[in-house]
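Accompanying notes for the structure given below.
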Amino acid sequence: MATTFDKVADIIAETCDIPRESIKPESHATKDLEIDSLDFLDIAFAIDKAFNIKLPLEQWTQEVNDGQASTEKYFVLKNLSTRIDELVAAKGA
Amino acid sequence: MRLEYFQMIDRIIEVDLEAGRLRAACTVPKESTIFEGHFPSYPLMPGVLLIECMAQTAGWLVCMRGRFAAMPFLAGVKEGKFRTLVFPGDRLEFEGSVVHEGSGYTVAECTGQRDGKKVCDAQLTFRIMPYPSPQFREAFFTWGERLELPIKELAR
């Protein structure tokens, strides 16, 4: 069964035309993969649909802007995958 | 349709906020300086302006669903199709529907019809952002009130 990271990486590869093999769990969406904010909207839409969740992008952005969280917490893909798992679990709880 | 002011919609026909659907109507003006260039002796409604019609139809729906708390800015157009030519004087009807409301963005679909036949359709992505200024917000509300949108009921 595909892991959350695999699904996210597939979405990113397809949405942004990035070679799948270059997308690693340690990759930072913006710093390493150079995904811009518009492409990230498309990715968020695809993730929302695939996992039937709503990524709280506005809250995350606010936390980063306020210095309460690092971008790594949300945009390094293994961490993003963990956040997705948490949202899926919270939805099912 | 006030082409020179980019006010594409003449009136809202029907809104179903719960279902996330809005129908709007407009008439392409018979004369406009735009048609002097697009094209000489063969005036046509530009496809980019049909996109704007769809964006404004779906945009007003997004505004209403969000109770006018923020402004939807067009951020993406996918699968935009122009299925037939649209001419000055044509009466058009657009139907917008919400596909997905994410955090800070909304994806919608819109179609345009003439005499019940589809002329265009697209998927539109809006980034939802604060109004740039109080003046902008007031001007925007004035525009919406001209379309008889229930801004006072929804926004305040």
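The values are calculated or read from the model by the stated rules, or taken from the named source; none is laboratory data. Note that this is a predicted model, so its numbers are computed, not measured. Because the Cβ atoms are built from the backbone with ideal geometry, glycine has one as well, and the counts that use them run over all protein chains shown. Areas reflect the complete protein model, heavy atoms only, side chains present, ligands, DNA and RNA absent. Shrake-Rupley method; radii C 1.70, N 1.55, O 1.52, S 1.80 Å.
Table for the structure above
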quantity: At least 50 Å² accessible surface lost relative to isolated chain, residues of segment B:64-100 (1.4 Å probe); calculated: B:HIS100
quantity: Accessible area of segment A:4-92 belonging to carbon and sulfur atoms, whole % at 1.4 Å probe; calculated: 47
quantity: Prolate/oblate/rounded call for segment B:1-85, Cα gyration tensor, a/c under 1.5 rounded; calculated: prolate
quantity: Packing-based order for B:106-117, B:32-43, using average beta carbon neighbours within 10 Å, highest first; calculated: B:106-117, B:32-43
quantity: Charged-residue dipole, Cβ positions (Lys, Arg, Asp, Glu), the protein assembly as shown about Cα centre, Debye nearest 20; calculated: 540
quantity: Average beta-carbon neighbours from other chains, 10 Å sphere, peptide B:118-125; calculated: 1
quantity: Interface residues in segment A:29-45 - accessible area drops by 40 Å² or more relative to the isolated chain, probe 1.4 Å; calculated: A:LEU38, A:LEU41, A:ASP42, A:PHE45
quantity: Chain B: calculated mean residue ellipticity at 222 nm from DSSP helix runs of at least 4, using -39500 (n - 2.57); calculated: -8000 deg cm²/dmol
quantity: Average beta-carbon neighbours from other chains, 10 Å sphere, peptide A:52-60; calculated: 3
quantity: Carbon plus sulfur fraction of accessible area for segment B:3-155, probe 1.4 Å, in percent; calculated: 51
quantity: Probe 1.4 Å, accessible area per residue of segment A:4-92, Å²; calculated: 53
quantity: MRE, 222 nm, helices only [DSSP H, n ≥ 4, -39500 (n - 2.57), over chain A, to nearest 500]; calculated: -19000 deg cm²/dmol
quantity: Å² of accessible area per residue within segment B:3-155, as computed with a 1.4 Å probe and no ligands counted; calculated: 50
quantity: Spin-label pair A:LYS54/B:THR33, simplified geometry with 7 Å Cα→Cβ offset, distance in nm; calculated: 4.4
quantity: Chains B and A together, accessible area buried on both sides, 1.4 angstrom probe, square angstrom; calculated: 1100
